[in-house]
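Here's the structure, in structure tokens; my notes come after.
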Amino acid sequence: MVDKEFSSKHADGMTAFTKVLQSSTADYVNAPESWNAASPKVANVARLSGGKAAEVPEVLALYEFPLAAEQSSATWLGGGKDGGAAKALAATAEFLKEQKKVPAVLPDYSVAINASFVEAAK
């Protein structure tokens, strides 16, 4: 998540950052066995998260890490109003409205989603 103004002023940096994230994600997706308790990658995750290296591989295995092509698809960030992220935001807004936490919902939450950086990382 990033502020629209920041991302537009720093589009090159956002694209580079997204490509680095994509590289790490692909490294894990393509060879999860290399992310073991003795690996430097897992040591970094443990250090940054405050966890124990021995527990990191087990925890990572609980998650799904879609690559850029899938992230940019309608399942996630693409697809406009009917995309997965837009639908999730709409459902959250509906819930918050029912809870009287927000006064109204928008007709389309895809305006808050920018898949261009992940598109560039494919």
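Specify the angular offset, from 0 to 90 degrees and rounded to the nearest 10, of the alpha carbon long axis of helix 84-98 from the longest principal axis of the alpha carbons in the chain. Once rounded, one gets 60 degrees.
Which of Lys19/Lys87; Lys4/Lys81; Lys101/Lys122 have a Cα-Cα distance over 29 Å? Long pairs (Cα-Cα over 29 Å): Lys101/Lys122.
When the Gaussian network model of the chain links Cα atoms closer than 10 Å, the mean-square fluctuations of Pro66, Pro107, Pro57 top out at Pro107.
If you place +1 on the Cβ of every Lys and Arg, -1 on the Cβ of every Asp and Glu, and leave all else neutral, what size is the dipole of the stretch 18-115 about its Cα centre, to the nearest 20 Debye?
Details: 9 positive and 10 negative charges, 78 e Å.
Around 380 debye, computed over the stretch 18-115.
Calculated translational diffusion coefficient of the chain (10 °C, 1.306 mPa s; Stokes-Einstein with Kirkwood radius over alpha-carbon pairs) equals 96 µm²/s.
Enumerate by residue number the GluC sites (Glu not before Pro) in the stretch 31-122 meeting two conditions: DSSP loop (anything except H, G, I, E, B), and at most 11 other Cβ atoms within 10 Å of the site's Cβ. Provide the component values of the computation, followed by the final result.
Details: sites: Glu33, Glu55, Glu58, Glu64, Glu70, Glu94, Glu98, Glu119; in loops: Glu55, Glu64.
Here the sparse-neighbourhood loop sites are Glu64.
Taken together, the values in this text are just the output of simple stated rules run on the coordinates, not laboratory data. On a predicted model such as this, the values are computed, not experimentally measured, just so you know. In this analysis, Cβ positions are derived from the backbone assuming ideal geometry, glycine residues included, and neighbour counts consider all displayed protein chains.
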